[in-house]
1. Pick from 440, 426: which is aliphatic (A, V, I, L, M), surrounded by 15 or more Cβ atoms within 10 Å (Cβ to Cβ) and assigned to a strand (DSSP E or B)?
2. Within region 113-136, count every residue that is assigned to a helix (DSSP H, G or I), out of contact with any strand residue (DSSP E or B) (no Cβ under 7 Å at 6 or more places or on another chain) and not β-branched (Val, Ile, Thr).
3. Look through 435, 498 and report the one residue that is outside the structural domain of residue 517 (by TED's automatic domain parsing), of a type in the set (S, T, N, Q) and loosely packed, with under 14 Cβ neighbours inside 10 Å.
4. Name the single residue, out of those in region 17-35 being among the aliphatic types (A, V, I, L, M) and closer than 24 Å to residue 317 by Cα, that is surrounded by the fewest Cβ atoms within 10 Å (Cβ to Cβ).
5. So for region 299-311 (the condition being closer than 19 Å to residue 269 by Cα and either assigned by TED's automatic domain parsing to the domain that holds residue 446 or in contact with a strand residue (DSSP E or B) (Cβ under 6 Å, 6 or more places away or on another chain) (or both)), does at least one residue qualify?
6. Which one is modelled with the highest pLDDT among residues in region 424-467 that are more than 15 Å from residue 401 (Cα to Cα) and among the basic types (Lys, Arg)?
7. Could you grab me the full set of residues in region 62-82 that are buried (at least 20 other Cβ atoms within 10 Å of the Cβ) and in a helix (DSSP H, G or I)?
Amino acid sequence: MNDTPDITTEVDRPESTDFIREIIKQDLAEGKFDRVHTRFPPEPNAYLHIGHAKALWIDYGIALEFGGKFNLRFDDTNPTREEQEFVDAIIEDVRWVGADWENRLFFGSDYFEQMYQWAIDLIKKGKAYVCDLTSEQVIEMRGAPTTIGENSPYRDRGIEENLDLFGRMRAGEFEDGARTLRAKIDMTSPNVYLRDPVMYRIRHAEHHRQGDKWCIYPMYDWAHGLEDSIEGITHSLCSLEYENHRPLYDWFLDELGIYHPRQIEFARLNLTYTVMSKRRFIELVDGGYVSGYDDPRLPTLAGLRRRGYTPEAIKDFCSRIGVAKVESVVDVAVLQDCVRGHLNKTSQRVMAVMDPLKVVIVNYPEGQVEEFDAINNPEDPDAGTRKVPFTRELYIERDDFREEPPPKYFRLAPGREVRLRSAYLIKCVDVVKDSNGEIIELHCTYDPETRGGDAPDGRKVKATLHWVAAETSLEAEVRLYDHLFAKPNPDEVEDGQSYFDNLNPDSLQIRTCRIEPGVTGAAPGTRYQFERQGYFCVDTDSTADKLVFNRTVTLRDTWAKIEKAMRKGGR
């Protein structure tokens with residue numbers, strides 16, 4: 001079993017400050033900087049996920065708060081992994097989340113020439129050399145944190161020879177992997193990142209922006225600090241795994257004598273019941289466990305958007321969890337609570353029946369159609385009302401009827417009266433079954449004096465059911481999404497197992513429902529609350545002939561109830 005950080009199950013809203021903001025305030029007060037300029041620097045080799053949204057809102061939110069500037073910059077230094085598809089997707093995601101980079105969209109590859117000239121400057125200072133070791137040899141001779149490294153036999157090449165070889169590397173004379181350019185720092189340093197790190201490698205590959213102009217490409221650790229320096233970034237905000245890299249970035253900037261931003265690290269976001277790894281996204285997609293990188297079960301921003309999450313909910317989530325220096329795991333229920341809160345205020349209500357059971361109102365006139373006014377959103381008085389058609393034949397949820405009701409079951413049963421939302425009180429008078437004894441139809445009577453759902457004589461009913469008219473309702477596909485994994489920590493496995501063994505077999509259930517006709521023609525992305533069911537979003541697979549809805553989130557945290565019951569049972 002793998003060790004994991006403590007799980008944050010309840011997260012209060014943070015104060016209006018955090019350790020990063022306090023550092024920036026101090027920097028401004030002491031005159032280290034007279035402005036604030038941040039950046040969000042994704043590598044265009046995958047789709048963004050909710051963890052990137054946290055980083056984005058730290059970068060962009062701080063720029064907003066301090067009246068500063070914000071850049072969107074692509075760290076596109078690896079042509080074999082990066083594609084224009086990812087660039088376009090990231091731009092869409094960043095814009096959707098709500099960040100505005102104005103006219104400051106940059107690419108690290110646009111600085112390749114400047115980086116190359118700075119590499120030459122280090123060679124001339126005797127601080128960089130061309131090395132002929134293979135990548136495997138470099139790793140072996142670098143040593144480990146507890147053992148010192150071993151100098152490359154090419155470390156003492158002369159400056160002129162290094163300049164010549166580096167120029168020939170750029171000219172394309174050598175094969176991939178034949179040579180690298182390495183910084184000459186200290187092979188005995190306790191920080192392995194300072195043990196003569198590779199700055200350039202040879203890759204004869206076409207770049208998505210530069211084409212075949214280059215065949216040597218800068219390593220991320222060489223490019224990272226230089227890009228920030230070129231753009232005049234004041235505070236380079238990074239996730240915690242880059243803390244040990246910071247001395248290397250400082251060394252490059254100091255040796256070159258160029259503008260020096262300040263780097264500050266913060267803890268990454270980890271969520272329960274999911275994974276937050278590009279590699280694992282690829283494995284899940286390639287293995288057919290999910291339908292693609294925008295599968296609504298993945299925590300990618302594309303997947304969350306398709307599932308029906310809103311930018312406002314994601315921003316609220318980032319605000320709630322705050323900024324920390326120590327790794328932890330946030331319960332996904334916090335994210336779900338954020339989207340429930342926003343959708344409750346903004347989503348139109350509709351009635352949809354997931355498991356239809358026909359109801360025939362035997363004393364209602366055949367062929368008659370009435371319309372009832374239903375409230376669109378009780379949280380928003382300005383949302384108004386909608387017309388809902390009512391006919392002799394209706395559908396209710398099969399689970400809303402019991403022929404032999406258990407104790408404390410207040411919904412429909414033989415001889416019992418219930419309220420139909422916004423319509424009438426009805427009473428069950430007969431049950432129709434097929435040859436197998438399955439209930440296929442209910443016969444009910446209605447009280448015409450209870451139009452709107454209230455009885456003039458003051459009699460009370462204990463249940464209100466949602467419904468749709470059989471003749472006018474639409475058939476739609478509903479995709480009920482749930483946690484992708486059955487355990488909070490997908491890596492909690494037995495010997496011989498992998499995280500795949502913790503996949504939730506019920507993470508997607510597809511049903512056919514009946515829904516109010518007012519949703520006809522709803523565009524993809526339109527969000528609704530299905531009364532008593534949850535929040536749903538029209539999927540991109542919808543067509544004029546077939547509506548498809550994705551469940552964004554249930555009305556309540558059903559998993560919390562399950563876990564509570566398991567704890568109570570001693571499991």
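1. Being aliphatic (A, V, I, L, M), surrounded by 15 or more Cβ atoms within 10 Å (Cβ to Cβ) and assigned to a strand (DSSP E or B) holds for just one of 440, 426, which is 426.
2. Counting residues in region 113-136 that are assigned to a helix (DSSP H, G or I), out of contact with any strand residue (DSSP E or B) (no Cβ under 7 Å at 6 or more places or on another chain) and not β-branched (Val, Ile, Thr) gives 9.
3. 435
4. In this case the residue turns out to be 23.
5. Yes, there is a match, as at least one residue in region 299-311 is closer than 19 Å to residue 269 by Cα and either assigned by TED's automatic domain parsing to the domain that holds residue 446 or in contact with a strand residue (DSSP E or B) (Cβ under 6 Å, 6 or more places away or on another chain) (or both).
6. Within region 424-467, the match that is modelled with the highest pLDDT is 451.
7. The answer is 62, 63.
Quick grid of which residues meet (1) part of a strand (DSSP E or B); (2) not acidic (Asp, Glu):
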{"position": "320", "(1), (2)": "no, yes"}
{"position": "323", "(1), (2)": "no, yes"}
{"position": "327", "(1), (2)": "no, no"}
{"position": "349", "(1), (2)": "yes, yes"}
{"position": "359", "(1), (2)": "yes, yes"}
{"position": "372", "(1), (2)": "yes, yes"}
{"position": "396", "(1), (2)": "yes, yes"}
{"position": "399", "(1), (2)": "no, no"}
{"position": "403", "(1), (2)": "no, no"}
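The values are calculated or read from the model by the stated rules, or taken from the named source; none is laboratory data. Everything numeric in this text was worked out from a predicted model, so none of it was measured. Please note: Cβ atoms are built from the backbone with ideal geometry, for glycine as well, and neighbour counts cover all protein chains shown.
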